[in-house]
Amino acid sequence: MPSRWHRFDRTLKLIAEQEPTGLLDWLAEVLPIPGPVTLLDANLSKELLDSAREVDVLWRAEARGKPFLLHLEFQLKRDEPGRAEMGERLAGYIMRLYEREHLPVTSVVIYLQRLGQLPSSPFLIPSGLDSRSTLRCDYEVIKMWELAPATVLARPYPALWPLAGMMQGVKAETVIDIAQQIVETPLAQEQKSELIGQLVVLAGIQLAPEVISATFRRHPMMDEMLEASSTAHMFWERGRIEGLRDVARLGLEHRFGALGADLLQAIGAADEPTLTTIITYSEESLEQVRARLGLPGEAQ
C-alpha cells in the first residue's frame, strides 16, 4: 500500500479506536441506521477467514434490539486496474464475516476524496440462466466531501472533529477554525495537540501540506501545538520524503526514459540522503545511479 495512503488510513483507524461510540452515533444519522443503535463490541478481530486481508473497522452493534456487524472501509482512490472492484471485494468480506460470526453484516464504504464515477450498490453476480442474481451484495456509501462539517463539529466527541478537515468546503482558514474549536475544548494539552495533528493529516487529502503549514505559521499558538503533535511530525516527514522521491523519479525519467521496475522500487525504498544525492548529482550515468541505490549495473 502506498505510504501516502498509510498516514490517512492510520489516522482514521485511530479515530475509530478512540471514539467508537461517537463514530457510530454519527454514522447512524448520516446513513441513516434505524435506531436506537448501541455499540456492543468495538474490539472484534479484523482478520478474515481463509484470507491474508483484514477489514478496516469491524464492530458488533445492535439496532432495535437486533445485533449486527458494522463493517467500515476507508477508500482514498479509485480501484486499480486488474483489482476487484469495491462491490466484489465487499461481497467477499461479507461472506467471510458472516461465516465467522453468523450475524447480519452492514458494510459502509467511506470515500475520502472526490473520485468522479464511483461504484454503486448493489453488487450483483448474474445467475447466467435468467434475470435473477446468484449473489446480491448491498452496501452503503458515504462521500466525505459532500457532508457538512457541522455533522461532526456539533457533536460532543472531540475525537471526531478532525474528520471535518476533509468535509464540504474545506479551506486552510476552516482548518484553523476547527483547530480553534479543539483548542477551546477542556482536554489535556497533549490530547489537543494530537487532535490538531490528526486534523492536519486529514485536511491534507484536499489541501497541499505547504498551504496548511503556511496558514498555521500565521497563528503562533496553534502552530506551536501542531509542532508538539507526533501525528503531524509523521505527516510532514513522510510528505517531504515522498516529494523527494517524485523529484528523483521525474528527473531520472527525463534523462533516461521509462525506468525499470527494480529502479522504481529502489527509489520508493530510498532514504532522504540517497534521494537528495541523486537529485543533486544530475550528471551521473544510469550505472552510477543504480549503484547509489544498491542495484546491479545492468541495462534497463
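Quick note: the coordinates plus some simple rules give every number you see, no bench work behind them. Being a predicted model, the structure only gives us computed values, none of them experimental. Quick reminder, even Gly has a Cβ in these numbers, built from the backbone with ideal geometry, and neighbours come from all protein chains shown.
Summary table below
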| read-out | value |
| --- | --- |
| Zone residues, the stretch 158-179, relative to Ala150, backbone N less than 16 Å from point 7 Å out along Cα-to-Cβ | 164, 167-170, 178 |
| Mean ellipticity per residue at 222 nm, deg cm²/dmol - from DSSP H runs of n ≥ 4 across the chain, formula -39500 (n - 2.57) | -15000 deg cm²/dmol |
| For Val108, distant residues with modelled amide H under 5 Å away | His71, Leu72, Glu73, Glu140 |
| Karplus-derived 3J(HN,Hα), 6.51/-1.76/1.60, for each residue of the stretch 165-178, Hz, glycine and proline x | x, 10, 9, 3, x, 5, 9, 4, 5, 6, 4, 4, 4, 5 |
| Gain in span if fully extended, Arg53 to Glu284, counting 0.36 nm per residue against the direct Cα distance | 79.0 nm |
| Average Cα contact separation per residue, the stretch 92-158, under 8 Å, 6 or more apart, as relative contact order % | 31 |
| Above-threshold pairs, the threshold being 22 Å between Cα atoms, out of Lys143/Lys192; Lys77/Lys192; Lys13/Lys192; Lys143/Lys171; Lys66/Lys143 | Lys143/Lys192; Lys77/Lys192; Lys66/Lys143 |
| Calculated volume of the Cα convex hull per residue in Å³ (choose from (i) 180; (ii) 133; (iii) 159), label | (i) |
| ³J(HN,Hα), Karplus 6.51/-1.76/1.60, whole Hz, each residue of the stretch 193-210, x for Gly, Pro | 4, 5, 5, 5, x, 5, 4, 5, 4, 6, 5, x, 5, 10, 10, 5, x, 5 |
| Between helix 86-101 and the chain: long-axis angle, C-alpha atoms, 0 to 90°, nearest 10 | 60 |
| Relative packing of 180-191, 165-176, which averages over residues the other C-beta atoms within 10 Å, highest first | 165-176, 180-191 |
| Table column - 3J(HN,Hα) (Hz), the stretch 280-287, Karplus curve with 6.51, -1.76, 1.60, x for Gly and Pro | 5, 8, 6, 9, 5, 6, 4, 4 |
| Nearest-20 debye value, the chain charge dipole, Cβ charges on Lys, Arg, Asp, Glu | 460 |
| Paramagnetic reach from Glu29 (point 7 Å along Cα→Cβ, amide N under 11 Å) across the stretch 147-180 | 148-157 |
| Over the chain, relative contact order from alpha-carbon pairs under 8 Å, at least 6 apart, % | 12 |
| Difference of contour (0.36 nm per residue) and Cα-Cα distance, Asp271 to Ala188 | 26.4 nm |
| Burial order of peptide ranges 272-280, 122-130 (average beta-carbon count within 10 Å, highest first) | 272-280, 122-130 |
| Estimated FRET transfer efficiency when R0 is 35 angstrom, pair Ser45-Phe256 (beta carbons, to 0.05) | 0.15 |
